[in-house]
1. Give the lysines whose C-alpha is closer than 16 Å to that of A:Lys314, dropping any in the same chain fewer than 8 places away, or say none.
2. So how much slack lies between B:Glu52 and B:Arg192, counting 0.36 nm per residue of separation and subtracting their Cα-Cα distance, in nm?
3. When only Cα pairs under 8 Å and 6 or more residues apart are kept, what is the percent relative contact order across region A:252-398?
4. With point charges of +1 on the Cβ of Lys and Arg and -1 on the Cβ of Asp and Glu, referenced to the Cα centre of region B:5-141, which listed residue (B:His5, B:Gly49, B:Gly19) lies farthest in the positive direction of the dipole?
5. Assigning unit charges at the beta carbon (Lys, Arg +1; Asp, Glu -1) and nothing else, what dipole magnitude in debye, to the nearest 20, does the protein assembly as shown show about its Cα centre?
6. Work out the mean other chain Cβ neighbour count within 10 Å for the residues of B:68-74 and drop it here as an integer.
7. Using a 10 Å cut-off around each Cβ of peptide B:84-93, what is the average number of partner chain Cβ atoms that fall inside?
8. Could you tell me what percent of the DSSP beta bridges with both partners in chain B are antiparallel, to the nearest 5?
Amino acid sequence: MKEEIDVLEQAIGSEYKYGFVTNIETETVPKGLNEDIIRLISQKKNEPEWMLNWRLKAYAHWLKMEAPDWANIKYPPINFQDIIYYAAPKKKKALNSLDEVDPELLKTFEKLGISIAEQKRLTGVAVDVVMDSVSVATSFKQQLAEVGIIFCSMSEAIQNHPDLVQKYLGSVVPMTDNYFSALNSAVFSDGSFCYIPKGVRCPMELSTYFRINAENTGQFERTLIVAEEGAYVSYLEGCTAPKRDENQLHAAVVELVAHKDAEIKYSTVQNWYPGDANGEGGIYNFVTKRGICLGERSKISWSQVETGSAITWKYPSVILKGDYSVGEFYSVALTNHLQQADTGTKMIHIGKNTRSRIVSKGISAGKSQNSYRGLVKVAKNAINARNFSQCDSLLLGDKCGAHTFPYIEASHPSAIIEHEATTSKIGEDQLFYCRQRGIDTEAAVALIVTGFAKEVMNQLPMEFAVEAQKLLAISLEGSVG
Amino acid sequence: MLSIHNIHAAIEGKEILKGINLEVKAGEVHAIMGPNGSGKSTLASVLAGREEYEVTDGSITFLGKNMLELSPEDRAREGLFLAFQYPVEIPGVSTTNFIKTAVNEKRKYHGLEPLDAVAFLKLMKEKMQLVEIDKALLTRSVNEGFSGGEKKKNEIFQMAMLEPKLTILDETDSGLDIDALRIVASGVNKLRSSENAIIVITHYQRLLDYLQPDFVHVLYNGRIVKSGTKDLALTLEDQGYDYIKEAFGATAQ
């Protein structure tokens, strides 16, 4: 028995294959955080006055706040003065096409398996690539513009679409919302902006790829997606980072706004560097993601596959304001070695006849801790609110932990809220059964984990699902015996 | 095909098998009988390669290879199949997908291309008829919520799909009603050929009525104390295991 558990441990010990560093000239600001740094970032980005003021206001708020300590995660205090808040791959001039992008940078993305040029040709996925702090390339901009869709970096949006940015930025996640969103509001460097006009169904998947490259930097991107009445968009987000011994901070904010009859589908495959087997290094991932279903019959659906980061603190949420609006959250969170994840969602039912669905699959291996934390809140006028939650945990080995913290606050008697939870363990008997059929341990674990996560994987767009499935298998390599 | 020579095996330091010798040739069916605790299931586990059993002495040759050096999965890929006494449930993994993975892992080991979906389904259809298994079971998760009979049928179906050289049926008759027993046994009989061999581990005679073994061995106290033809099984059924215990109790200690 003991021996088998050891083999189990070996099987979890996979290598992070995105851990390379690109040798690219980077322009950074000095370490540390103060008003001058914020002014400098704003100035580098040539921002209008209102943007700078917004940042400074957020910073003033942040100074008065304290880091949250309610999550089921442990980490030493973050020294915010030891972080570089702005790093950008140096470029000589504004880019008009991908051909002008630094070849080193393109190579990086090829190594990551997202050759932008290739994607552009073959898959028809429009990609915005954010390296360290700055958006380096957005493909398909022209074709999208023809149907009136704006898909560009946040910096460009601030310059070219200030009205939209001013109207919606901070409207779903106020700068004062929480410690990390306040920090992000003060120092965010770039991100993606997407606007789908009334009645337009986005003809392709939109995608952003985030990469932290430079040392000692934090990444603070900000994404804003607005779908006007009757619009539809499916948005994909992927992330990786090099292997480094020290921890790096990632504190992003994502805001989604769905007007009447609009639908936004937001899918994430998060594979930031998780740290090594001894818990050295890795990304601290403190992310605030929230969408609001403003109009009637609008729908927001979050799907996430979280395999990376040393620490994940993330609760993609939906505010169901419009009557008959629908919120969904589908999540697979896999933790291995010493990773810690505290993730889940909030479904806030405000409108009448609103529905939400939560499907969370947590997989814990090694000595990791994996927590689901969710809130279903039904406001006092939310007649006929309906929620279904399913939270399943799968344990590999006997040194990891799975935790479920479901909170329910129902203020209307007509609310129907269902919660189901299961915990299971990949047992030695199951593994031996597979091996006796010629399926080795790793393949057996992949088979079982894939089966476990199937319901969520089915929600992902096709190509993404394939990638995510491979990622699950890789992340568990060597985890079971 | 299989040559077991003087096998001693222990679990947690306690010796269970105390020198087993057995020769199995292609085309033969051997029954291993014996009272509870005699070491029958331990023998099955040792052959399949369960790691908690430590082989302290002896050798096992399977198709010319030193079996003790092979991992459990490689033994399976070489052609060893164990029909489990207690088939394991694997939630979330469909039976079809499970068997497909197993078939293709075996093919890969032998340098063959994986079966595509069409070829696999064709093979499945063919074998389903052979062992009379309900199609609906194959879309469900492996053994999850299956009745005792369904689990055993599923074992025989997997045996049919994997076409093993050597099959060990570990108490396959336990927990089966008479109809299920007949179906399971008839499935096994259809899979018998001059190319493969079967070891039937059982406590009772009734499965042997259907399977008609060529040889019957009585395992007692970690040793094979008596071997014979199928008549031996009938004698045991008549006289019970006490007769063995009386005859061999002293020497076996």
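1. A:Lys74, A:Lys289, A:Lys346, A:Lys361
2. Extending this stretch completely gives an extra 47.3 nm.
3. Value for region A:252-398: 20 percent.
4. Positive-end residue among those listed: B:Gly49.
5. Value, rounded to 20: 1660 debye.
6. Mean partner shielding for this stretch: 4.
7. Per residue, the average neighbour count from other chains is 6.
8. Close to 60 percent.
The values are calculated or read from the model by the stated rules, or taken from the named source; none is laboratory data. It should be emphasised that the depicted structure is a prediction, and the values quoted were computed from it without experimental measurement. Cβ atoms come from the backbone with ideal geometry, glycine included; neighbour counts cover every protein chain shown. Surface accessibility is based on the protein's heavy atoms, side chains included, excluding ligands, DNA and RNA. Shrake-Rupley method; radii C 1.70, N 1.55, O 1.52, S 1.80 Å.
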